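Here's the structure we're looking at; comments come further down.
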Amino acid sequence: MTHTALVTGAASGIGRALATALVRRGSTVVVADLDGPAAERTAKEIGGHPAQVDVRDRDAVRELVERTDRDHGGLDLMVNNAGTGVGGAISTLTADHWRAQLEVNLYGVIHGIEAAYPLMRARGNGQICSTSSLSGLIPAPSLGPYTTSKFAVVGLSLALRAEAATYGVRVSVLCPGFVETPLLDNGHMAEAPTGVKSIRPLIRAAHGRTTTPEKVAEACLAGLRKDAAVIVAPASARFAWRAYRFAPAITDRVVTRTARRVLAELPT
């Protein structure tokens, strides 16, 4: 039986790495991205099926999910991966910054779940994975809207997991640490009065050492095979998460020192 997956934000970064890994494992993969031409190039290169979609558009996401389910004999894996980042001191952010971040990172995930979960629940089978971040487990200073959206994705995923298990649907959330992806340089609002031209130094300050999208994709698929609730990669990110869980006071001091260092370089 063919395994069908739909991956949003799949033209680059973690999404592309996941789509590539899934194709190599024999899955039929719909490569969905806001950038239609990029989705087409990626799909051609890896052997997937391209689709253009804006995850902020609820109806468009639903149409794509239903089309994928219909055209490929059912949707087995829904990966809500599309995301962006807004950086800057919270004192400098506007309502537009918050709205822009939540519309993609949170509502994009909600729209994917709204579309895919009923189909999987009715069939009694399927898997949903949404991409959060280590910033969804440990607060990231200077990335207020980003960390807010990513904490929400973790909470949503765990709440859905508890409900979905009754119907045979598995749910996981992916929380990678600092990954080299285009989001680091494109994940901001160019017109934003925050003084932030790239969130790369902000995420680097919060998360430290880097990993590759390919390594995150491998860890994600391994976690999905095990039906892990929370998939954290790489090892350094898992260490940071465990430290925050078991020694929150110590980690809080580290995060506070990081905030001071980062804010010293930003307009506030």
Exercise for review: Considering Cα pairs under 8 angstrom that are at least six residues apart, work out the relative contact order of the chain and quote it in whole percent.
Suggested key: 19 percent
Practice item. Round to the nearest 0.05 the FRET efficiency obtained for residue 253 and residue 222 when R0 = 51 Å and r is the Cβ-Cβ distance. Key: 0.95
Study note, to complete from the structure: In whole angstrom, the spacing between the Cα centers of the range 60-90 and the range 154-169 equals 17 Å
Review point. What number in nm² do you get for the range 68-155 if you take the convex hull of its Cα atoms and divide its surface by four?
Key: 6.1 nm²
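Stretch residue 210-residue 261 to full length: gain in nm at 0.36 nm per residue minus the Cα-Cα span?
Difference between extended and current length: 16.4 nm.
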Study note, to complete from the structure: Cross-link reach from residue 150 to aspartates and glutamates, straight Cα distance under 14 Å and at least 8 residues apart if same chain, gives 103
Review point. Once the convex hull of the C-alpha atoms of the range 40-81 is built, how many Å³ does it hold per residue, rounded to a whole number?
Key: 83 Å³
Revision key, fill the gap. Rounded to the nearest Å, the spacing of the alpha-carbon centers of the range 124-144 and the range 1-57 is 20 Å
Review point. Rounded to the nearest 5, what % of the DSSP beta bridges within the chain are antiparallel ones?
Key: 0 percent
Check your understanding: About its Cα centre, how strong a charge dipole does the range 4-263 have in debye, to the nearest 20, once Lys and Arg get +1 and Asp and Glu get -1 at the Cβ?
Key -> 1140 debye
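With a Förster radius of 30 Å, plug the Cβ-Cβ distance of residue 98 and residue 66 into 1/(1 + (r/R0)^6) and report the FRET value to the nearest 0.05. All intermediate terms of the calculation are to be shown ahead of the outcome.
On the way: r = 30 Å, r/R0 = 1.02.
My answer for the efficiency is 0.50.
Tally Lys and Arg at +1 and Asp and Glu at -1 over the other residues with C-beta under 12 Å from the C-beta of residue 167: what net charge comes out?
Result for the local shell: +3.
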Exercise for review: Hey, could you get me the Stokes-Einstein D for the chain, Kirkwood radius over alpha-carbon pairs, 37 °C and 0.692 mPa s, rounded to whole µm² s⁻¹?
Suggested key: 177 µm²/s
**Study point:** Check: the range 1-51 dipole with +1 on Lys, Arg Cβ and -1 on Asp, Glu Cβ, in debye
**Key:** 200 debye
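Each reported figure results from applying straightforward, stated rules to the coordinates on display, with no laboratory input. Nothing here was measured: the structure is a model prediction, and the numbers come from that model. Cβ: placed from backbone, ideal geometry, glycine included. Neighbour counts: every protein chain shown.
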